[in-house]
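Structure first, commentary second.
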Amino acid sequence: MNIAIIPARGGSKRIPKKNIKRFAGKPLIAYSIEAAKASGIFDKIIVTTDSQEIANTAIELGAEVPFTRPAKLSDDVSGTRPVTNHAIKYCIEHFYKPEYCCCIYATAPFIEAEYLQQGLDALQKNEDKAFAFSVTSFAFPVQRALIQQGSGVAPMYPENISKRSQDLPEAYHDAGQFYWGRTDDYLSKKRIFSEHSIPIILPRHLVQDIDTAEDWFRAELMYKAYIQGLKSD
């Protein structure tokens, strides 16, 4: 059995009520819940939140909110892993022990069901791995990054600054969408950003962090352009 766990606390400061703020016509969290439902691979879709308003919205969208997240896991410094593990332990105690768990961020409007399925498939086919999570490539070689130095700039990696882009290995970063893991591995001390994980590579046009008002504006423009492009094809 598989469960989706969507963390969505109510105390967002930079974008108030971010998780349920309307994004391109729907609450932001709706996109994650809808993708999880569309994938058809989850026995339960659980939203973990400390906010009754978020809970009501999640339930209306078809998710479950079987508990209120404890205050100690709802502050600005609470990490995603402890929040996910708390939900897993609740599920084990009150329902059943799932085989696979997937933490899905509530702020991922570009998330698609097919990539959730890819993550599960990859994990099932690689028994030596513990996790599978979304990544995307950097648009520019990170090995040729610059840093500010006084009133000028300097290469972060001087040994690479004169190399051609095609001669440098492609680099990836966390896409901030989903994190599959076996239940026992989630509850272990194994790290996700390590050799224990399989990267599920997403195209860059499906990835956009939403942490600030500027991010929100950019993401909404990208989303509308993407959807309109699909409809016109």
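Over all other residues within a Cβ to Cβ distance under 14 Å of Ile45, the charged ones net out to -2, with Lys and Arg as +1 and Asp and Glu as -1. Residue exposure proxy: Ser137, Ser162, ordered by other Cβ atoms within 10 angstrom of their Cβ from fewest to most, comes out as Ser162, Ser137. Distance between the pseudo-spin-label points of Asp75 and Glu112 (7 Å out from Cα toward the beta carbon): 4.1 nm.
Rounded to the nearest Hz, the phi-derived 3J(HN,Hα) couplings of the range 158-169 under the Karplus curve 6.51 cos²θ - 1.76 cosθ + 1.60 (θ = phi - 60°) are x, 5, 10, 5, 9, 7, 6, 4, 5, 8, 10, x, where x marks glycine and proline. Of interest is the spacing of the C-alpha centroids, which for the range 53-105 and the range 106-179 amounts to 27 Å.
On the basis of the beta-carbon distance and an R0 of 41 Å, Ile59 and Thr212 show a calculated FRET efficiency of 0.90. Once the Kirkwood radius over Cα pairs is known for the chain, the Stokes-Einstein relation at 10 °C and 1.306 mPa s delivers a diffusion coefficient of 83 µm²/s. Helices that extend 20 Å or more along their long axis by alpha-carbon positions and average at least -1.0 on the Kyte-Doolittle scale are, among the DSSP H runs of the chain, 80-94, 213-232. For the range 12-66, dividing the convex hull volume of the Cα atoms by the residue count gives 81 Å³ per residue. Taking the square roots of 5 times each eigenvalue of the Cα gyration tensor of the range 49-130, largest first, gives ellipsoid semi-axes of 24, 17, 14 Å. A simple count of charges around Ala71, restricted to other residues whose Cβ falls under 14 Å of its Cβ and scoring Lys, Arg +1 and Asp, Glu -1, yields 0.
Near Phe23, the amide H atoms lying under 5 Å from its own belong to Leu28; only residues 5 or more places off or on other chains count, and H is placed 1.01 Å from N.
Computed from the coordinates by the stated procedures, all read-outs in this text should not be read as laboratory data. This is a predicted model, so every value here is computed, not measured. Backbone-built Cβ (ideal geometry, glycine too); neighbour counts: all protein chains shown.
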